[in-house]
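This report refers to the structure that appears directly beneath it.
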Amino acid sequence: MIDDRVTQSKKLLAPLFPEDKYRILDCIKVEKTKNRKKKYSWLALTTDQNAKVYLHWIKEKDLSRKAKWKLQDIKTVDLKSDGDKETVDFEIHVDRVFKWTAPTVAEKEGFVRCLYRYSRCLPKNEQIHFKNCRSDLFEDILGTSDLAAKINAPGSERELEVNEYQALTEKEERDLESLMVKYNFAISDAEAFTEKLNRQLASIDATNVHAIMESEKKVEALMTLFDTVIDEASQLEVKLDTYDNLLREVRDSVMRMEEKDAVIHVQNENILKLRTLVENIVNKMDLSHEHRMIIVNPMKFESEDSVPRYLEAATALEQAMSIELHPDLKEMTAIKDQMKFLDSLMQSFTRNLSHYLNDQLIKISVDYGSGRRTLAAGEAVLRKHDLVHDALRHYSPLMAWLKRNNNSTYAAIKERYLDRFRTIYHKEILVFFEQANSKLRFEESRSASGTLDTKKGTLVLNAQEGASSTPTKSRTTFLLGMASEQFCTKEDAVARQLFDLILECILTSLEPAYLSEQQFCIEFLDLTTTEKARRAENVQMSVESSEISSGSRTPSKFTSVDDLDSVSHTSSDEMLSRLKKRDRDVSLEVRDVMATLFKTLEDELNKFVATYDGVYSMYLLVKLCHHTIQTEDAGSYLCKLYGMALVNAKRNFDQFMGAHMASINEAKPPRRNKCGILSFVSNFGEFATQCEAVFKGSDRRSDLQKWYSKIVHAIFDGIVRLSVEHGRTPPEVVCMENYHHMFTGLYELRILEDERKEAKERYQYALKSYVTNYFGRPLEKLNIFFEGVQARIDTGTKKSDVCFIHQYSKSELRKVIKEFPGREVKRGLEALYKKVEKHLSPEENLLQVVWRHMQDEFIRQYNSIQALLETCYSGSMISLEFSIDDLLEYFSDIAKQH
């Protein structure tokens with residue numbers, strides 16, 4: 001069966017191997033798995049015209065040759081056998097390892113046996129190494145049991161060594177081919193070719209024998225010559241030993257000279273290094289005469305042009321003192337003396353600089369404190385200290401130098417600056433907030449007699465009031481549970497809008513002054529910032545230094561504060577935008593400095609927030625949130641202050657909303673006969689409109705949404721509670737009218753989608769309950785009669801047999817119908833309409849809606865009675881004395897009359 005398979009495979013591969021070039025020795029179909037996909041191919045063992053054996057790898061799909069190897073290129077064949085356990089997998093090692101799977105174990109072993117048979121014909125060093133194969137796989141090929149025993153290796157691998165055949169080498173093959181070409185009859189007449197070779201071999205052997213015999217004398221002469229050469233070499237060795245003894249003494253002298261030369265070379269290198277080191281120390285630790293005179297002489301810093309010279313001298317002194325020396329060098333007397341001298345210069349310079357900067361701080365703070373105040377014309381504006389900053393900013397490099405070299409002196413100057421200007425800021429902030437509160441109280445007093453111009457943010461007084469405004473009135477917290485006419489008046493709305501405008505002005509005026517002071521402190525006090533901000537400061541410092549050296553900046557004059565105030569300033573928006581581009585990440589050191597300077601600001605801001613609670617807490621919450629985000633972008637300590645104030649505003653806002661809910665829960669039912677719309681329901685629309693205006697576009701809208709939901713559900717619960725407590729109006733009417741009002745208000749505001757749906761459901765349920773409970777059944781006896789008919793039908797009585805029951809006979813039906821003529825039905829509906837009109841209030845105008853639902857309910861009852869009448873009493877000529885058209889006309893006439 002296997003032979004048939006091989007024969008078929010050879011026929012399949014025959015087109016790829018023409019008979020005039022190749023002969024197929026054996027072939028096998030193999031499988032290779034790659035990426036979980038099986039690919040099939042062929043392995044074919046062939047020989048060509050020159051008797052060379054090749055292994056071919058052929059694709060099954062198009063029978064194209066994928067690879068071709070010589071037999072001697074195959075290094076190892078691994079059959080993957082483990083004892084008696086056979087497998088169809090095997091490996092062939094060429095330039096890399098190829099793994100294949102045969103169809104069966106028998107086909108694999110047959111192909112391997114063929115490989116082994118032709119591998120034996122190769123030289124020993126080129127034979128294929130077979131491993132992990134059965135011990136008896138190649139017994140018939142080896143021919144003896146001894147050779148078969150060699151297959152068993154002492155490990156998991158089994159090696160085969162074949163030595164019984166020695167193949168021709170390539171050189172021998174080429175010589176044999178050339179010889180056969182030389183004699184054309186070699187192939188056709190082998191015997192003549194063999195005889196010819198034997199004759200030539202005999203002739204060559206004879207020639208070799210004669211040549212050996214003739215060369216005997218020459219060999220003897222050559223041996224004699226070797227003896228002579230040996231004697232001469234012995235004499236030469238004796239002379240070389242003599243010369244070596246003579247040179248030994250010279251060699252010792254030369255070695256001693258080399259050692260001395262190396263010592264001299266090391267000495268020269270050490271002297272050169274010492275000289276370089278000393279020159280380097282002298283150059284770095286020595287100050288030029290100009291720098292020394294600048295440091296020793298009294299300081300005069302009035303001119304900005306002198307600051308770079310003193311900074312250059314101070315920097316040179318700093319570099320001289322900060323030179324890195326070996327600990328042993330520091331023990332040298334000269335270096336100790338120089339360090340003492342430099343230290344004395346450092347102390348002298350530091351002392352003079354400290355005295356001068358302290359004097360300048362005292363002078364500037366006194367002049368500034370005695371100048372004009374910050375506020376003018378009743379406007380709440382916190383003045384920036386730009387002119388003070390300009391007067392001190394060019395000393396910033398010297399302050400940085402002090403911080404690096406004498407931290408105690410730097411800390412004293414820093415503390416002096418903070419003490420002086422903390423007091424100034426304390427006074428200015430107190431005046432600022434007092435002016436802001438005064439302005440708010442003044443505007444509140446005018447709000448009752450004027451209207452607000454929202455475009456200009458100003459109040460326009462009424463003509464009849466003129467300048468004589470009413471006194472300042474106390475602020476009142478308006479809650480949802482209050483009476484509608486007191487909830488929110490026109491004057492209160494104007495006051496709140498004025499508060500919003502003034503609050504924005506207050507917060508906006510704080511930021512430029514604060515950020516300007518923060519940036520100055522970072523520069524003047526050399527406060528620690530991020531690496532990026534530090535690089536920006538260095539660039540700015542170099543630009544300002546170049547401006548100072550070139551004289552492009554005008555020196556500051558400190559004659560008086562009035563002269564300083566005359567200098568023009570940039571606008572607040574420009575200053576704020578310029579500062580926000582600077583440090584966006586402020587360190588803790590900057591925060592501590594700003595907290596010291598603006599301690600009063602924190603207290604006054606929290607006090608201001610606590611003062612304006614109630615409805616004003618909404619404006620504070622929104623504005624503080626907006627400005628907190630802005631100052632967070634600028635990276636200032638003001639963000640923390642705003643954040644703390646924001647927490648307090650949020651607490652006040654929560655209390656304000658909680659008060660609204662408490663007022664709803666504590667609300668009492670109105671004393672009027674008709675309950676109508678409850679106060680907290682009617683007030684909610686105005687309240688929500690006001691909240692929407694305040695929180696429009698704010699990041700705090702989520703807080704409002706949470707309270708919206710709580711308040712609306714509190715209103716729903718309050719409606720249910722007061723509908724029961726009122727007593728004079730049906731609860732269904734109270735619920736129906738108030739839920740309808742809530743649904744309409746929420747729909748107009750486009751808020752609270754879920755609560756709006758709930759209000760609509762509650763309204764529809766209340767409407768249905770009212771119609772069911774108060775409309776009842778105008779045709780009561782008819783309804784009772786036909787309910788009995790329906791009960792008989794439900795128990796199994798046929799519809800046609802109902803009329804034969806005495807209780808539900810035709811005569812009984814005629815008696816009941818006579819009791820409900822059309823005029824009586826209309827009279828009952830008119831009485832019902834007056835009753836409904838008495839219950840409903842005119843505020844919501846739901847009378848026609850309720851009347852329409854009652855009409856639908858009456859028609860539903862009529863259709864039910866008419867259906868049973870037609871099915872159970874068909875052919876009896878019995879009908880109601882009014883039709884649906886009559887009913888529609890009754891309802892329409894009643895509605896028009898009222």
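The values are calculated or read from the model by the stated rules, or taken from the named source; none is laboratory data. Keep in mind that this is a model prediction, so the values were computed, not measured. No Cβ is skipped: glycine too gets one built from the backbone with ideal geometry, and neighbour counts run over all protein chains shown. Just so you know, the surface numbers come from the protein's heavy atoms only, side chains and all, with ligands and any DNA or RNA stripped out. Shrake-Rupley method; radii C 1.70, N 1.55, O 1.52, S 1.80 Å.
Quick look at the numbers
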| read-out | value |
| --- | --- |
| The range 684-699 residues that are under 25 Å from Tyr739 (Cα atoms), paired with ones that are open to solvent by 30 Å² or more (accessible area, probe 1.4 Å) and not aliphatic (A, V, I, L, M) (beta carbon under 6 Å, 6 or more apart) | Glu686/Cys488 |
| Residue satisfying condition, being assigned to a strand (DSSP E or B), in contact with a strand residue (DSSP E or B) (Cβ under 7 Å, 6 or more places away or on another chain) and not small (Gly, Ala, Ser), within set Lys99, Lys108, Lys80 | Lys99 |
| Residue within the range 861-874 that is assigned to a helix (DSSP H, G or I), farther than 25 Å from Gln790 by Cα and among the hydrophobic types (A, V, I, L, M, F, W, C) present | no |
| Criterion: touching a His at 6+ places or on another chain (Cβ under 6 Å) and either open to solvent by 50 Å² or more (accessible area, probe 1.4 Å) or not hydrophobic (A, V, I, L, M, F, W, C) (or both) - qualifying residue of Lys75, Lys11, Lys66, Lys39 | Lys75 |
| Selected residue (criterion: nearest to Thr104 (Cα to Cα)) from residues of the range 14-30 that are charged (D, E, K, R), part of a strand (DSSP E or B) and open to solvent by 40 Å² or more (accessible area, probe 1.4 Å) | Lys29 |
| Residues located in the range 320-349, provided they are at pLDDT 80 or above, assigned to a helix (DSSP H, G or I), loosely packed, with under 14 Cβ neighbours inside 10 Å and not small (Gly, Ala, Ser) | Glu331, Thr333, Lys336, Asp337, Lys340, Asp343, Gln347 |
| Residues being without any contact (Cβ under 8 Å) to a residue 40 or more places away in the chain and either open to solvent by 40 Å² or more (accessible area, probe 1.4 Å) or not in a helix (DSSP H, G or I) (or both) - total across the range 843-860 | 4 |
| Output for the range 774-789, where each listed residue is aliphatic (A, V, I, L, M) and either touching a strand residue (DSSP E or B) at 6+ places or on another chain (Cβ under 8 Å) or in a loop (DSSP other than H, G, I, E, B) (or both) | Leu779 |
| Every residue from the range 123-159 that is at pLDDT 55 or above, open to solvent by less than 40 Å² (accessible area, probe 1.4 Å) and part of a loop (DSSP other than H, G, I, E, B) | Pro123, Gln127, Ile128, Asn132, Cys133, Leu137, Phe138 |
| Tally, over the range 81-100, of residues that are open to solvent by 40 Å² or more (accessible area, probe 1.4 Å) and either aromatic (Phe, Trp, Tyr) or in contact (Cβ under 8 Å) with a residue 40 or more places away in the chain (or both) | 3 |
| Qualifying positions in the range 609-622 - among the hydrophobic types (A, V, I, L, M, F, W, C), within 13 Å of Ala645 (Cβ to Cβ) and open to solvent by less than 10 Å² (accessible area, probe 1.4 Å) | Val609, Leu620, Leu621 |
| Verdict on Lys799 being open to solvent by 70 Å² or more (accessible area, probe 1.4 Å), touching a residue at least 12 places away in the same chain (Cβ under 8 Å) and in contact with a Ser or Thr (Cβ under 9 Å, 6 or more places away or on another chain) | yes |
| Test: residue in the range 411-424 that is among the hydroxyl-bearing types (Ser, Thr, Tyr) and at pLDDT 85 or above | yes |
| Neighbours by Cβ (under 6 Å, 6+ apart or cross-chain): first from the range 646-666, part of a helix (DSSP H, G or I); second surrounded by fewer than 19 Cβ atoms within 10 Å (Cβ to Cβ) and among the polar types (S, T, N, Q) | Asn648/Asn606 |
| Filtered residue count, the range 643-681, keeping only those that are open to solvent by 40 Å² or more (accessible area, probe 1.4 Å) and closer than 23 Å to Arg756 by Cβ | 2 |
| Close pairs from the range 520-537: first part of a loop (DSSP other than H, G, I, E, B), partner modelled with pLDDT under 50 and open to solvent by less than 20 Å² (accessible area, probe 1.4 Å), Cβ under 8 Å, at least 6 apart | Thr530/Asp583 |
| Near pairs, Cβ below 8 angstrom, 6+ apart or cross-chain, from the range 327-355 (without any contact (Cβ under 8 Å) to a residue 60 or more places away in the chain and of a type outside the set (Asp, Glu)) to any residue that is loosely packed, with under 12 Cβ neighbours inside 10 Å and not in a helix (DSSP H, G or I) | Asn352/Pro298 |
| Residue satisfying all of: in the range 49-63; surrounded by 13 or more Cβ atoms within 10 Å (Cβ to Cβ) and not basic (Lys, Arg); nearest to Leu16 (Cα to Cα) among these | Leu63 |
| From the options Arg701, Arg777, residue that is within 19 Å of His853 (Cα to Cα), of a type outside the set (S, T, N, Q) and open to solvent by 20 Å² or more (accessible area, probe 1.4 Å) | Arg777 |
| Cross-chain or 6+ apart pairs with Cβ under 7 Å, the range 477-505 first and of a type outside the set (Phe, Trp, Tyr), then assigned to a loop (DSSP other than H, G, I, E, B) and modelled with pLDDT of 80 or more | Thr477/Gly614; Thr477/Val615; Gly481/Glu666; Gly481/Ala667; Arg496/Val615 |
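Let's see how each residue does on (1) out of contact with any strand residue (DSSP E or B) (no Cβ under 7 Å at 6 or more places or on another chain); (2) on the phi < 0 side of the Ramachandran plot; (3) open to solvent by 30 Å² or more (accessible area, probe 1.4 Å):
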{"residue": "Val712", "(1), (2), (3)": "yes, yes, no"}
{"residue": "Ile715", "(1), (2), (3)": "yes, yes, no"}
{"residue": "Pro730", "(1), (2), (3)": "yes, yes, no"}
{"residue": "Asn738", "(1), (2), (3)": "yes, yes, no"}
{"residue": "Phe743", "(1), (2), (3)": "yes, yes, yes"}
{"residue": "Tyr747", "(1), (2), (3)": "yes, yes, yes"}
{"residue": "Leu752", "(1), (2), (3)": "yes, no, no"}
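Residues are listed down the side, and each one gets a yes or a no for (1) modelled with pLDDT of 85 or more; (2) over 18 Å from Pro669 (Cα atoms); (3) of a type in the set (Ser, Thr, Tyr):
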position	(1), (2), (3)
Ala714	yes, no, no
Leu722	yes, no, no
Glu725	yes, no, no
Val733	yes, no, no
Glu737	yes, no, no
Phe743	yes, yes, no
Tyr747	yes, yes, yes
Lys757	yes, yes, no
